[in-house]
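What follows is a set of notes on a single structure, which appears directly below.
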Amino acid sequence: MSKKALVFAEQKAGKLRNVSFESLTAARRLAEGGEVSAVLFGDETGEKAQELGRYGADRVYVITHDALRNYTPDAFRQALLRLINHTAPDLIVMGHTSIGKDAAPGIAARLGLGLVTDCTDVRVEDGEPVFVRPIYAGKAFQKKRFVEPKYFFTIRPNNIQPEEAVRIPEVIPFDVEIKDIRTTVKEVVRRAASGVDLSEAAVIVSGGRAVKSAEGFKPLYELADALGGAVGASRAACDAGYCDYALQIGQTGKVVTPDLYIACGISGAIQHLAGMSQSKVIVAINKDPEAPIFQIADYGIVGDLFEIVPKLTEAFRKVLSEK
Ligand code: FAD
């Protein structure tokens, strides 16, 4: 049976995040021909609405309000709740991003709906939507179904391949009243040095305690630059002050699913694996052939990262310049 879907189109630094297109693809898959709408916050929305149309948005609701310029749980929740109550979708999709993780539970609770978070796949099985999510730090997968025919879920970025399904969306301005905001954002300070967004990067070069210093991260940045990727880190490297906590990957850091993850001098503690074990290809560089990271790596290099990383950078630069 076809279903009406509503997708939160998340933006970062004025641009639509990829997870918005992935959410539209997930919504289309489950809507079974039903109408798919997206909701966009802001005032410069013309081109963005068209972009959303390219990935299958039939309608784009545009909510313009000063309180929505930066994320606050009160403002985003109120705006989304008003639209959800107005449009009564059967499916609601958000990215499992900092915003989605923070906002979705509060919205679900107020609507009295169930919520499945952090889905890496969604599909219809025996006529029913099924939601797949990793558990035990990615060691196993859980399949979930909803009891009620109302589906609210968040998807982990970089897992569902966005599929084009071109539409010319109907753009609908939607007015909301927002009040009683309990927090305000004074300033946004971007601390990650790399220009590539870690949670959406296709390639991540990650450094651990073995990198030994902030200076030691330099060859990792060079390798990441050569591959158009971003730099990440283990918690040990962040704790030691070699890099900013914004780079931390793992259970208490970011969860990433790049096409290629290169772990340099990282032992492979379960808490680190929780953030990267779903990467499509994992390369580990470690001096210790018994390091647990080799158990999940697709390719392992036993050796000193300070010798191997510059060689890889040189080799990639050469190959890529020949293309
Ligand atoms: P180590 O475990 O010290 O490993 C360093 C590795 O480098 C070793 O395998 C060594 O053989 C290798 N090595 C040494 N020199 C070289 C060299 N020159 N070349 C190549 N290899 C070399 N950790 C996270 O990463 N993310 C998290 O989100 C996280 N959350 C946590 C939450 C909790 C509640 C707890 C208790 C822990 C958490 N941790 C997290 C910490 C985690 O348990 C590990 O301590 C941490 O991941 C270890 O980091 P590491 O692999 O860089 O360091």
_Percentage relative contact order, segment 5-173, counting C-alpha pairs under 8 Å, at least six apart_ = 31
*Taking K and R as +1 and D and E as -1, what net charge do the other residues with C-beta under 13 Å from the C-beta of HIS86 add up to?*
+1
*Separation of alpha-carbon centers, segment 288-303 and segment 94-134, rounded to whole Å*: 34
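How long is the gain from VAL132 to LYS287 if the chain were fully straight, where each residue apart is worth 0.36 nm and the alpha carbon distance is subtracted? Kindly include the intermediate steps, with their values, before the conclusion.
Working: separation 155, 0.36 × 155 = 55.80 nm, distance 3.57 nm.
The VAL132-LYS287 span can extend by a further 52.2 nm.
Please go through segment 214-316 and write out the GluC sites (Glu not before Pro) that DSSP classes as loop and that have at most 15 other C-beta atoms within 10 Å.
GLU290
Work through the residues other than GLY33 whose Cβ is under 14 Å from its Cβ and net out their charges, Lys, Arg +1 and Asp, Glu -1. Walk me through the intermediate numbers first.
Details: positive: LYS3, LYS4, ARG28, ARG29, ARG167; negative: GLU32, GLU35, ASP58, ASP90.
Neighbour charge sum, excluding GLY33 itself: +1.
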*Order of 279-286, 69-76 by packing, highest average Cβ count within 10 Å first?*
279-286, 69-76
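Tell me the net charge near LEU111. Cut-off is 14 Å between Cβ atoms, LEU111 excluded, with +1 for each Lys or Arg and -1 for each Asp or Glu. Kindly include the intermediate steps, with their values, before the conclusion.
Working: positive: ARG77, ARG82, ARG110, LYS150; negative: ASP90, GLU148.
It works out to a net charge of +2.
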*With both partners inside the chain, how many of the DSSP beta bridges are antiparallel, as a percent to the nearest 5?*
20
*Estimated inter-spin distance, LYS323 and PHE141, nm [label 7 Å along Cα→Cβ]*: 2.8
*For the chain, set up a Gaussian network in which alpha carbons nearer than 10 Å are linked by springs, and say which option among GLU200, GLU51, GLU187 fluctuates the most.*
GLU187
*Could you please state how large a percent of the accessible area of segment 5-173 is carbon and sulfur, counting protein chains only and using a 1.4 Å probe?*
46
*Using a probe of 1.4 angstrom, how much of the accessible area of segment 198-321 is carbon and sulfur, in percent?*
53
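If I take every Cα pair under 8 Å that is 6 or more residues apart in the chain, average their sequence separation and divide by the length, what percent do I get for the relative contact order? It would help to have the intermediate numbers written out before the result.
Details: 693 pairs, mean separation 47.4, N = 323.
Rounded, it is 15 percent for the chain.
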_Shape category assigned to segment 134-229 from the gyration tensor of Cα positions, a/c cut at 1.5_ = prolate
*By its C-alpha gyration tensor, with a ≥ b ≥ c as the square roots of the eigenvalues, how is segment 198-321 shaped: rounded for a/c under 1.5, else prolate for a/b larger than b/c, else oblate?*
rounded
*Semi-axes of the equivalent ellipsoid of the chain: what are they in whole Å, largest first, if each equals the square root of 5 times a C-alpha gyration tensor eigenvalue?*
37, 21, 19
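The values are calculated or read from the model by the stated rules, or taken from the named source; none is laboratory data. Note that the structure is predicted; figures quoted are calculated from it, not measured. Virtual Cβ from ideal backbone geometry, glycine too; neighbours counted across all protein chains shown. Surface areas here come from the heavy atoms of the whole protein model, side chains and all, with no ligands, DNA or RNA. Shrake-Rupley method; radii C 1.70, N 1.55, O 1.52, S 1.80 Å.
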